[in-house]
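Note sheet for the following structure.
The values are calculated or read from the model by the stated rules, or taken from the named source; none is laboratory data. Source: prediction; values computed, not measured. Virtual Cβ from ideal backbone geometry, glycine too; neighbours counted across all protein chains shown. SASA here: full protein model, heavy atoms, side chains in, ligands and nucleic acids out. Shrake-Rupley method; radii C 1.70, N 1.55, O 1.52, S 1.80 Å.
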Amino acid sequence: MYWWLKLPVRNGSLVKARKGMASYQIEFKGKAAHAGNEPEKGISAITELAHWITTLNQETNFATGTTLNFGVVKGGSAGNVVPDYASTVLDIRFWDNDDYARLESKIQHMQENPSLPGIDIKLTREAHKPAFTPNEGSEKLMALIEKTGQDMGLNITWQAVGGGSDANLTGSLGVPTIDGLGPIGGAMHSRNEFLVLDSIEPRLTLLRNVLINLTETIGR
């Protein structure tokens, strides 16, 4: 049984589920050539990268929660040169682990079968965390936390969120898991990220009381 102290969402809700995520570094190596004199002798790495962006962006499905984002794009050296190198960072988020497995298979197929002959593609998966949603054990833990909060005069609410944490690893294995027991905060990963100081003591007390109640429950 696990709970994590990562910052909860802005309204103070605890986290019962997290999307899975995967991050890829993708490099494209083509062949440089003069864009005016001998363009036919070049193989554009940027053109291949553009093919990946237009193809994989079609896999985004807001209804199911599967999203793909090319967050960093680099390539080329000059306007009159067919670019021999390009790179990108691809971020994938998903609720359905099987849907991610399908996407990973498609990405590997695209690596092995570039749209431009002569392109070499290096694909590196730099991070991966499976999605997790509440199981029966998690729901019992959630009920215990809600009762603990009620006894303290705290209204405990829950959210499913898109960001990943170590809770993805335990939750995806079926281990009862909840997240977001830390102090309330928001605007994560920005210059305006903040923490509500007055929330520190109540959160610590909640965690303490949850541990006491959990110990008493297990000991029965």
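Before moving on, here are some points about what is shown:
- Residues within region 83-107 that are among the small types (Gly, Ala, Ser) and in contact with a strand residue (DSSP E or B) (Cβ under 6 Å, 6 or more places away or on another chain), tallied: 2
- Residues within region 149-164 that are at pLDDT below 90 and assigned to a helix (DSSP H, G or I), tallied: 0
- Looking only at residues in region 173-187 that are touching a helix residue (DSSP H, G or I) at 6+ places or on another chain (Cβ under 6 Å) and in a loop (DSSP other than H, G, I, E, B), the one that is surrounded by the most Cβ atoms within 10 Å (Cβ to Cβ) is Ile184.
- Each residue in region 45-63 was checked for being among the hydroxyl-bearing types (Ser, Thr, Tyr) and either buried (at least 18 other Cβ atoms within 10 Å of the Cβ) or at positive phi (or both), and 1 pass.
- Test: residue in region 105-118 that is touching a Lys or Arg at 6+ places or on another chain (Cβ under 7 Å), within 30 Å of Lys41 (Cβ to Cβ) and open to solvent by 80 Å² or more (accessible area, probe 1.4 Å): no
- Of all the criteria given as (1) farther than 17 Å from Val89 by Cβ; (2) in contact with a Pro (Cβ under 9 Å, 6 or more places away or on another chain); (3) not polar (S, T, N, Q), the one not satisfied by Phe28 is (1).
- Restricting region 80-94 to residues that are assigned to a strand (DSSP E or B) and charged (D, E, K, R) leaves a set whose member that is surrounded by the most Cβ atoms within 10 Å (Cβ to Cβ) is Arg93.
- Unique residue being over 30 Å from Leu154 (Cα atoms), touching a strand residue (DSSP E or B) at 6+ places or on another chain (Cβ under 9 Å) and surrounded by 18 or more Cβ atoms within 10 Å (Cβ to Cβ) when the list is Gly42, Gly71: Gly42
- Qualifying residue in region 121-128 (condition: part of a helix (DSSP H, G or I) and open to solvent by 40 Å² or more (accessible area, probe 1.4 Å)): no
- Taking region 197-220 as the range and being open to solvent by 30 Å² or more (accessible area, probe 1.4 Å), touching a residue at least 24 places away in the same chain (Cβ under 8 Å) and of a type in the set (Val, Ile, Thr) as the test, the residues that pass are Thr205, Thr217.
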